[in-house]
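Everything below concerns the one structure shown next.
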Amino acid sequence: MGTITVGRENLADINLYYEDHGSGRPVVLLSGWPLDSRSWEPQVHALLSAGYRVIAYDRRGFGRSDRPTVGYDFDTLAADLDRVLARLDVVDATVIGFSLGTGELARYIGTYGTGRLKSCVFIESLAPSFVRSDENPHGVDQAGVDGVQQAILDDRAGWLTGLLKDFLNLDDYLGTRVSEETVRTNWNAGADASPWATWACVPTWLEDFHADVKGIDVPTLILHGTADRILSLEGQGRRMHAAVPQARYVEIEGGPHVLCVTHAKEVNRELLAFLGQHAENAG
């Protein structure tokens, strides 16, 4: 629908593709890795039908955005979000982050504050930290990051097939909650992403967001699937709620990592209820 320039690499601008539909209170969607804004398809119709303005953009390196080899760190990605919100003059917004998008959202709040936000949503949260520790034994360490990066370099297409099996819990849900065609669509989106960007985002998993989430001072919803094989329920969802105890916290029974696809009805129900609850005094 349009592009926004967020930086430069050598002589070329770095442009992000975005879509901006509807005319109600704005809802901004931040996708997960290694997918793009098209992964929000199960939510966009519900949000537009409920009367919201829906803004979704492709992270640098993914989807229809430009594919630089720089800027794959949360400070830069949060700055990209800030430029998008400023360029589109977005205020009184609900920003919804999924997976890696929750890192962008947390860092944005920690760096730029909540002046443009009415509320925020963390779905399958990377925050407060994905680093392996005594309190997060299912987290990742440097060896894990190195292993994933090497798998991407060795056979990105084959690695992506395995990733989607665990993203969607295909042994449980293929043919019931998710079709082969939907799996193929998500595989195509991941395969279409910049190989460099796919590889370069992996070290961001080691980022710490404890300081960032302390800045959350707007109504917040945290959603996490009980069957997430990527970001564990105990290590991520429940720890995020402990870090932001004032948030509304909902566990989606049986939800895998990409529960916005497999459990779209449940996710949409929670999103619309949360948005409706905080609709008063909307600008």
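The values are calculated or read from the model by the stated rules, or taken from the named source; none is laboratory data. Treat the numbers as computed from the prediction; the structure is a model and nothing was measured. All Cβ positions, glycine included, derive from the backbone under ideal geometry; neighbour counts span all protein chains shown.
Need the failing condition index for Val70 against (1) touching a residue at least 60 places away in the same chain (Cβ under 8 Å); (2) within 18 Å of the chain's Cα centre (by Cα); (3) farther than 16 Å from Ser37 by Cβ, just the number.
Among (1) touching a residue at least 60 places away in the same chain (Cβ under 8 Å); (2) within 18 Å of the chain's Cα centre (by Cα); (3) farther than 16 Å from Ser37 by Cβ, Val70 violates only (2).
Looking at (1) surrounded by fewer than 24 Cβ atoms within 10 Å (Cβ to Cβ); (2) out of contact with any helix residue (DSSP H, G or I) (no Cβ under 6 Å at 6 or more places or on another chain); (3) in contact (Cβ under 8 Å) with a residue 60 or more places away in the chain, can you tell me which one His45 breaks?
Answer for His45: the failing condition is (3).
Report the residue count in the range 79-110 for those that are more than 20 Å from Leu206 (Cβ to Cβ) and either modelled with pLDDT under 95 or under 8 Å from the mean Cα position of the chain (by Cα) (or both).
The qualifying residues number 1.
Can you tell me which residue in the range 101-151 is surrounded by the fewest Cβ atoms within 10 Å (Cβ to Cβ), limited to those that are of a type in the set (S, T, N, Q) and touching a residue at least 60 places away in the same chain (Cβ under 8 Å)? Spell out how you get there, then give the answer.
At the first step, the residues of the range 101-151 found to be of a type in the set (S, T, N, Q) are 102, 111, 114, 119, 125, 129, 133, 136, 142, 149-150.
From what is left, the residues that are touching a residue at least 60 places away in the same chain (Cβ under 8 Å) are 102, 111, 114, 119, 125, 129, 136, 142.
On the way: Thr102: 28, Thr111: 15, Thr114: 16, Ser119: 24, Ser125: 29, Ser129: 23, Asn136: 17, Gln142: 12.
The residue in question is Gln142.
Based on this model, can you work out whether Leu35 counts as touching a residue at least 40 places away in the same chain (Cβ under 8 Å), under 21 Å from Arg116 (Cα atoms) and touching a Phe, Trp or Tyr at 6+ places or on another chain (Cβ under 8 Å)?
Values: touching a residue at least 40 places away in the same chain (Cβ under 8 Å): yes; under 21 Å from Arg116 (Cα atoms): no; touching a Phe, Trp or Tyr at 6+ places or on another chain (Cβ under 8 Å): yes.
The answer is no for Leu35.
Among residues belonging to the range 61-89 that are hydroxyl-bearing (Ser, Thr, Tyr) and out of contact with any helix residue (DSSP H, G or I) (no Cβ under 6 Å at 6 or more places or on another chain), point out the one that is nearest to Leu29 (Cα to Cα).
Keep residues of the range 61-89 that are hydroxyl-bearing (Ser, Thr, Tyr), which gives 65, 69, 72, 76.
Narrowing the set further to residues that are out of contact with any helix residue (DSSP H, G or I) (no Cβ under 6 Å at 6 or more places or on another chain) leaves 65, 76.
Working: Ser65: 15, Thr76: 17 Å.
For the range 61-89, the residue satisfying everything is Ser65.
Restrict the check to the range 213-222 and report whether at least one residue is in a helix (DSSP H, G or I) and of a type outside the set (Gly, Ala, Ser). So that I can check it myself, show each step before the final result.
Going residue by residue through the range 213-222, those that are in a helix (DSSP H, G or I) are 213.
Keeping just the survivors that are of a type outside the set (Gly, Ala, Ser) gives 213.
There is at least one residue in the range 213-222 that is in a helix (DSSP H, G or I) and of a type outside the set (Gly, Ala, Ser).
Looking at Thr114, is it hydroxyl-bearing (Ser, Thr, Tyr), within 21 Å of Ile252 (Cα to Cα) and within 21 Å of the chain's Cα centre (by Cα)?
On the way: hydroxyl-bearing (Ser, Thr, Tyr): yes; within 21 Å of Ile252 (Cα to Cα): no; within 21 Å of the chain's Cα centre (by Cα): yes.
Taking the combined requirement at face value, the residue does not satisfy it.
For Thr176, state whether it is at pLDDT 95 or above and within 22 Å of Val148 (Cβ to Cβ). First the steps, then the outcome.
Working: at pLDDT 95 or above: yes; within 22 Å of Val148 (Cβ to Cβ): no.
The answer is no for Thr176.
Tell me which residues, restricted to the range 68-93, are in contact with a Pro (Cβ under 9 Å, 6 or more places away or on another chain) and either of a type in the set (Phe, Trp, Tyr) or crowded, with 24+ Cβ neighbours inside 10 Å (or both).
Of everything in the range 68-93, just one residue is in contact with a Pro (Cβ under 9 Å, 6 or more places away or on another chain) and either of a type in the set (Phe, Trp, Tyr) or crowded, with 24+ Cβ neighbours inside 10 Å (or both), namely Tyr72.
Among the helices (runs of 4 or more DSSP H) contained in the range 224-281, which hold 1 or more residues that are closer than 16 Å to Leu100 by Cβ and more than 17 Å from the chain's Cα centre (by Cα)? Give the steps one after another, and end with the answer.
Values: elements: 238-243, 259-262, 264-277.
Passing ranges: none, list empty.
I'd like the residue in the range 15-67 that is in contact with a strand residue (DSSP E or B) (Cβ under 9 Å, 6 or more places away or on another chain) and aromatic (Phe, Trp, Tyr) and, out of all such residues, is farthest from Ala273 (Cα to Cα).
Once the filter is applied, the top-ranked residue is Tyr17.
Out of all the residues in the range 166-194, which are within 19 Å of the chain's Cα centre (by Cα), assigned to a helix (DSSP H, G or I) and either of a type in the set (Gly, Ala, Ser) or surrounded by 15 or more Cβ atoms within 10 Å (Cβ to Cβ) (or both)?
Residues of the range 166-194 within 19 Å of the chain's Cα centre (by Cα): 166-169, 182-183, 185-194.
Keeping just the survivors that are assigned to a helix (DSSP H, G or I) gives 166-168, 182-183, 185-192.
Within the range 166-194, Asp166, Phe167, Leu168, Thr182, Val183, Thr185, Asn186, Trp187, Ala189, Gly190, Ala191 meet the criteria.
Do you know which residues across the range 104-133 are closer than 18 Å to Arg83 by Cα and among the small types (Gly, Ala, Ser)?
Once the filter is applied, which keeps residues that are closer than 18 Å to Arg83 by Cα and among the small types (Gly, Ala, Ser), the range 104-133 yields Ala106, Gly110, Gly113, Gly115.
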